[in-house]
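Worksheet: the structure to be examined is printed underneath.
The values are calculated or read from the model by the stated rules, or taken from the named source; none is laboratory data. Here the structure is a predicted model, which is why all the values come from computation and not from measurement. Note that we place each Cβ from the backbone using ideal geometry, even for glycine, and neighbour counts take in every protein chain shown. These area figures cover heavy atoms from the full protein model, side chains too; ligands, DNA and RNA do not enter into them. Shrake-Rupley method; radii C 1.70, N 1.55, O 1.52, S 1.80 Å.
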Amino acid sequence: RAFRDATPDGPLAFCGLAAYILSFSPGMGPVPWAVQSEVFPSRVRSLGTGVATVVNWSSNFIVAQTFLSLVDGVGKARTFVLFAGFTAAAFVFVQCIVFETKGLSMEEVATVLRGRVRSSHRSPQAHPR
């Protein structure tokens, strides 16, 4: 009954929430847990896992604390569009930055990460013409 009596954007909000749940669980949801178990070397794995867990749960807390204020401020549809934008940005980040670790040893993962850090700290070199 409450769903039928809702404002016209109620079904859009419901569909947005359903799409978020259906795409987050098999998509972005497990990314932090999968990545942290494969990229942290043994000597810092517990610290890295702790930091990743705090960031993950802090992000969940921020979403939970801001959701109703956003709905009141900008409406349901815009709130879901905002969160969809965050999800799209996270997807692009994972596609562009996070590399496949399947089949790599811990040493190989460390080598790839060290190479990325070194290359980001190099000064631009002049290219011969």
Those chymotrypsin sites (Phe, Trp or Tyr not before Pro) from segment 5-83 that are DSSP loop and have at most 11 other Cβ neighbours within 10 Å turn out to be none
Rounded to whole Å², per residue accessible area for segment 41-114 with a 1.4 Å probe reads 73 Å²
To the nearest 0.05, the calculated FRET efficiency linking V63 and A34 through their beta-carbon distance, R0 being 30 Å, is 0.90
Under the 7 Å Cα-to-Cβ spin-label approximation, R43 and S105 lie apart by a distance in nanometres of 1.7 nm
Other residues with Cβ under 14 Å from the Cβ of K102 give, with Lys and Arg +1 and Asp and Glu -1, a net charge of -3
